[in-house]
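To keep things clear, I will list the structure first and then write my remarks on it.
The values are calculated or read from the model by the stated rules, or taken from the named source; none is laboratory data. None of the values given here were measured: they were computed from a predicted structure. Cβ coordinates were reconstructed from backbone atoms using ideal geometry, including for glycine residues, and neighbour counts include every protein chain displayed.
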Amino acid sequence: MRSLFGKVVVVTGAASGIGRALAFELAAGGAKLALADVDAPRLDEVATALRARGAECIARIVDVASETDIVALAGDVKEAYGGADVVINNAGVSLVAPVASLELRDAHWLMGVNFWGVVHGCRTFLPQLRAKPEAAIVNVSSIFAMVSVPTQSMYNAAKAAVRGFSDALREELRGTGVTVLCVHPGGIRTRIVEQARVVDLAGLAASHEALSQSFAADARTSAEDAAKAIVGAIQDGRERVLIGPDARVLDWLWRMFPGRAPRWLVSLRRKRWQT
């Protein structure tokens, strides 16, 4: 898929962060867009800005944790454009809670968005994608699928599940016209920490504000650069992409020292988190 010009691309979590940046990057390349998010005001703002630039775009309020919502989105994409060529399962949320104080309702909320949202997107759109001569599924995981950190057990688990699910789906689709790209971002400058559900920092940071400030300092990659990397990987037919220098370093560390990488990472960063 060397060009996305005229291709129909579905982006979940499109109201902010990487999803928003993807929408503008794809529109600049001439793609037709179907944007989904639960944040109606921000989604409307994005869609309005894109249409003002001449982009062809539909926007729908969608909770990716709801299979019913995803099925309705797929129906709208079929009606508006005849079907999707690319589906980017990007929507994601964050939860800060040690396992001992984790509320199961929060755990189910995160898994519903970060894992089941990916499953719903893949399963529901697969018939449309398989009907195209070439198509792509893009599932956004994280470097935390490999290197885990305290208070992020559910996020780590969900992103690792996305990685495993994507690897299996890729092999199931091997030899068809549908490629599967799994994306592993490092620290990206988005609002995910600001919007996180915070239950208990448990010594990770002095406050939610301090954690947000530390994350902002560590997040060296812009959402726009992440979007460019993802679009480039789709066009190159890649199966896996690490985004940001921190993701590449941590991936190497995890490969070399899988049992020690999380402990080293936390030790290096804890003092800064607690200032």
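Do we find a residue being surrounded by fewer than 18 Cβ atoms within 10 Å (Cβ to Cβ) and out of contact with any Lys or Arg (no Cβ under 8 Å at 6 or more places or on another chain) anywhere in segment 87-97? Within segment 87-97, not a single residue is surrounded by fewer than 18 Cβ atoms within 10 Å (Cβ to Cβ) and out of contact with any Lys or Arg (no Cβ under 8 Å at 6 or more places or on another chain). Regarding segment 157-176, can at least one residue be identified that is surrounded by 18 or more Cβ atoms within 10 Å (Cβ to Cβ), modelled with pLDDT under 95 and small (Gly, Ala, Ser)? Taking every residue of segment 157-176 in turn, none turns out to be surrounded by 18 or more Cβ atoms within 10 Å (Cβ to Cβ), modelled with pLDDT under 95 and small (Gly, Ala, Ser).
Whether a residue is β-branched (Val, Ile, Thr), closer than 25 Å to GLY237 by Cα and either crowded, with 19+ Cβ neighbours inside 10 Å or under 18 Å from the mean Cα position of the chain (by Cα) (or both) was assessed, and ILE18 passes this test.
For the condition on the phi < 0 side of the Ramachandran plot and at pLDDT below 95, HIS184 does not qualify. Summed over segment 144-177, residues that are closer than 17 Å to LEU95 by Cβ and of a type in the set (A, V, I, L, M, F, W, C) total 9.
When the residues of segment 152-183 are filtered to those that are of a type in the set (S, T, N, Q) and part of a helix (DSSP H, G or I), the one that is nearest to MET1 (Cα to Cα) is SER166. Close Cβ contacts (under 6 Å, 6 or more residues apart or on different chains) running from residues in segment 17-43 that are within 19 Å of GLY54 (Cα to Cα) to residues that are crowded, with 23+ Cβ neighbours inside 10 Å and charged (D, E, K, R) comprise LEU43/ASP37.
Looking at the structure I just gave you, is PHE5 of a type in the set (Phe, Trp, Tyr) and out of contact with any Lys or Arg (no Cβ under 9 Å at 6 or more places or on another chain)?
Yes, satisfied.
Among the residues of segment 59-77, those that are surrounded by fewer than 19 Cβ atoms within 10 Å (Cβ to Cβ) and among the hydrophobic types (A, V, I, L, M, F, W, C) comprise ILE61, VAL71, ALA72. Filtered by the rule that a residue be of a type in the set (Asp, Glu) and touching a strand residue (DSSP E or B) at 6+ places or on another chain (Cβ under 8 Å), segment 1-38 gives a lone residue, ASP37. Just one of the listed residues (GLY13, GLY30, GLY82) is on the phi > 0 side of the Ramachandran plot and within 18 Å of the chain's Cα centre (by Cα), and it is GLY13.
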